[in-house]
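What follows is calculated from the coordinates using simple rules that are stated; it is not laboratory data. Because the structure is a prediction, the values reported are computed rather than measured. For neighbour counting, all protein chains shown are included, and Cβ atoms are generated from backbone atoms with ideal geometry for every residue, glycine included.
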Amino acid sequence: MMVTQQLINALNVGSEYALIALGYTMVYGVLRLINFAHGDVFMVGAFVGAFTARALEGGMSAGGHLQLSQTLWQAGVGLLVAMVVCGLLGWAIERFAYRPLRNAPRLSSLITAIGVSLFLEYMAEISWHVGGLRYFGSTPTYFPPIAGSNHGVHVIDHVLHARVIYKDLITFGVCGVTFVLLWWIVRHTRMGKAMRAVSISFDASRLMGINLNRVISFTFILGSVLAAVGGCLVGLRNNQAQPLMGVMPGLKAFIAAVIGGIGNIPGAVVGSFLLALVETLVASITIHGVSLSPYRDAVAFLILILMLLVRPEGIFGKAVPEKV
Amino acid sequence: MTFFNRRNFLAGAMFLGAGLLAGCHRASVSPSAASVIKIGSLNSMTGDESTFGKSCNSGIRLAAEQQNARGGLLGKKIRIITADSESSPSKAQLAVLSLIDNHHVVAVLGDVASSNTKAAVPRCQKARIPLITPASTNPNILRGDDYCFRTCFTDTTQGKWIARFARHDLHATRAALLVDTKQAYSTGLARVIRAEFTRLGGKILLAPSYQSGDTNFQTQLTQIKAAHPQVVFLPGYYGDVTTILQQARELKITVPFVGGDGWDSQKTLQIGGKAVDGCYFTNHYDPSDPAPRVQKFVKAYEARYHGNVPDAMAVLGYDAANLLFNAIKRAHGTGEPALRNAIATTKNFPGVTGNITINKHRNAIKPGVVIKIEHDKFVVVKHEKP
């Protein structure tokens, strides 16, 4: 029973990591840039989702009890608005922070990425009061839950002897749909083809008439939209959004992307679930009454170090000799 | 196209430089410097602990405003300078240094979180600036530092109340303990709870841990569920507590969770919702206490802060500030070591949270309450004596 339950827990954590890791990996693929602000786009997504859902709640809850269909609609609209806002944010970050530095040394972009990350975090720490409501701010913002989403699915309860709630199913469902969509965009659209071309060679694709700026903007928008989905799912799970909620998941997702081979899309997904599995395993081991849970994060970072030492190209990556 | 050409840059730099010089100049000959008493409020205005920090800071500022309305202290106005410790010990250290070195405060009130206070204590001790922590309960943060004081109960007391309540009032013998290894508050409180619960014949079945800021606690909770405890001790801060309880209830862990004053925030009710119902925590005071000194404070606070009910951190900040003002009066100034000695000899100071006497370990011995969360409300179920 406990093993099944822990596997389901790992799936939950893995989905969260994967949605962030994909953004890291796609941006790295086309620009060779680690976009450290990505975890914070995830945070903005959670906030925007919370504000939207809350605003809709104000309009509907006058009657009293909220129905499942209403709250589902509320969460759905919240998710869509968060995706749009984060997409715009991702576009703006690339346009105003990274594009002016495109030909600068790579270190400049990296430092700028850290700057953008801190900028987003501390802008979110400031609270704005509009119309008697508080937006952003350091104290957690309440995220309205979906009615009934905390209830268990009885059939699964009986078959697996583990508790799966509707929230889990929502998470897995949304992630699954997102991954398939992403796969389709990258593999079967002209834009996807252009993205793949740019990731192979910047100059050659420019010579072939690909509009580099458009492809790069599109990549940032796509990655940020995925982060928004992740932010909303995590916000929904924990009923709250906070300015620093993206820091640790962002780092973990980065590790996951490195494990899978940074720049490689299926690699990011596999790396995320692998990392989640290892973390869950470590945290659930107890030796002579002493829990190993405090070492979970240490193990995650140890894996990053080992991976970089032994196989820096990741599980799915190809070792490409540095061109001189 | 670019705005950042060299001439603009030079002009900007000169403008900035002129501004800085003007700033320095003003500070050095400020006529008001001698007629104000500057007191530092070291609190987390941002980050995970900011509800605590903001409440505490509001309490301190209310006390100063009231004192200034009564004509100030020794003919001078009090000015509170807030430094943000950003919910991080390393930032708390920088913030306290800025209070001491840049603002030349005569005393520091803060921090709430024990880890942050622990980082600030050596700085105040070295500069011989008295520090009073209104709310850090970890017993180990003040040791040989004779310039540092505490005006709330410690976790040695609070932890015993928690363990005893679970053992005697909830009749539990099998418990789990979930600890935040990042917080001195949590690890310290956990140690006392474990010792006392075991001493009373209870058994701690398992003690997994987390780190504040984690978003997923299901792994630890799944382990706890499998051990079937009758109660779960959760000595953590409200932000994580609400998420943990949410996930615990999802996993169908229905037993009560019991924690300490780190749970005290209106956010616990709002975010926790049904998940926190039926849980207990120990706290410093009860805002519904009919005693006139409590009600007078609650009214003044609500009037000043748009109807917000003062939580424990607000009242502790208020008490610590008033105790400091009282000591400054008795010391007839802010000189060193007169002020430090006046704080150390505080006897039966009438605070909102009870009479405060600073003992030889520079701690206050105070009563507390056990609160039950019932239908979106905090209800006092037990009064504890020190």
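Counting only Cα atoms, the size of the stretch B:218-271 along its three principal axes is 31, 18, 16 Å, in decreasing order. Here the ratio of the Cα radius of gyration of the stretch A:18-246 to 2.2 N^0.38 Å is 1.11. By the count of neighbouring beta-carbon atoms within 10 Å, fewest first, B:PHE165, B:PHE217, B:PHE52 end up ordered B:PHE165, B:PHE217, B:PHE52.
Straight-line reach from B:LYS203: taking Cα to Cα under 19 Å and skipping same-chain neighbours fewer than 8 places apart, the lysines in range are B:LYS160, B:LYS225. Rounded to the nearest 20, the Cβ-based charge dipole of the stretch B:175-220 about its Cα centre (Lys and Arg +1, Asp and Glu -1) stands at 200 debye.
A:VAL290 to A:LEU110: FRET efficiency via 1/(1 + (r/R0)^6), r the Cβ-Cβ distance, R0 51 Å, to the nearest 0.05? Efficiency, rounded to the nearest 0.05: 0.85. Distance between the 7 Å Cα→Cβ label points at A:VAL177 and A:LEU133: 2.4 nm. When each of B:THR51, B:THR254, A:THR4 is scored by the number of other beta-carbon atoms lying within 10 Å, the sequence from fewest to most is B:THR254, A:THR4, B:THR51. A straight chain from B:ASP145 to B:GLN270 at 0.36 nm per residue would run longer than the Cα-Cα distance by 41.1 nm.
Treating r as the C-beta distance of A:VAL84 and B:SER98 and R0 as 45 Å, the FRET efficiency rounds to 0.65. Remark: C-alpha extents of the stretch B:156-283 on the principal axes read 34, 28, 25 Å, sorted largest to smallest. Ranking B:PRO310, B:ASN363, B:VAL380 by how far each Cα lies toward the positive end of the dipole of the stretch B:281-386 (charges on Cβ) leaves B:ASN363 at the top. Could you tell me the center-to-center distance, by alpha carbons, between the stretch B:312-386 and the stretch B:98-114 in angstrom? Result: 18 Å between the Cα centres. Backbone amide hydrogens, once placed in the peptide plane, bring B:THR82 within less than 5 Å of B:SER41, excluding anything fewer than 5 places away on its chain.
The fewest-to-most ranking of B:TYR285, A:TYR98 by surrounding Cβ atoms within 10 Å reads A:TYR98, B:TYR285.
Each of A:LEU304, A:PHE136, B:ASN43 was scored by the projection of its Cα onto the charge dipole of the protein assembly as shown, and the greatest displacement toward the positive side belongs to B:ASN43; charges sit on the C-beta of Lys, Arg, Asp and Glu. Label positions at A:LEU7 and B:LYS385, each projected 7 Å from the Cα along the C-beta direction, are separated by 5.7 nm.
Between the amide H of B:LEU73 and those of B:ILE78, distances stay under 5 Å, these residues lying 5 or more places away or on another chain, with hydrogens modeled in the peptide plane. Label-to-label distance for A:MET208 and B:THR181 is 4.9 nm, based on points extended 7 Å past Cα in the beta-carbon direction. Using C-alpha pairs under 8 Å with a sequence gap of at least 6, the mean separation divided by the residue count of the stretch A:18-246 gives a relative contact order of 42 percent.
Listed by chain and number, the aspartates and glutamates whose C-alpha is less than 17 Å from the C-alpha of B:LYS274, apart from same-chain residues fewer than 8 away, are B:ASP240, B:GLU250, B:ASP264, B:GLU374, B:ASP376.
Mean partner shielding of peptide A:283-293, defined as the number of other chain Cβ atoms within 10 Å of each residue Cβ, is 5.
Relative contact order, whole percent, for the stretch B:293-386 stands at 16, derived from Cα pairs under 8 Å and 6 or more residues apart.
Candidate cross-link partners of B:LYS182 among the lysines, defined by an alpha-carbon separation under 19 Å and a same-chain spacing of 8 or more, comprise A:LYS252, B:LYS91, B:LYS118. Rounded to the nearest 20, the size of the Cβ-charge dipole of the stretch B:228-343 about its Cα centre is 300 debye, with Lys and Arg at +1 and Asp and Glu at -1.
Each peptide among A:147-154, B:106-113 gets the average number of other Cβ atoms lying within 10 Å of its residues, and from highest to lowest they stand as B:106-113, A:147-154.
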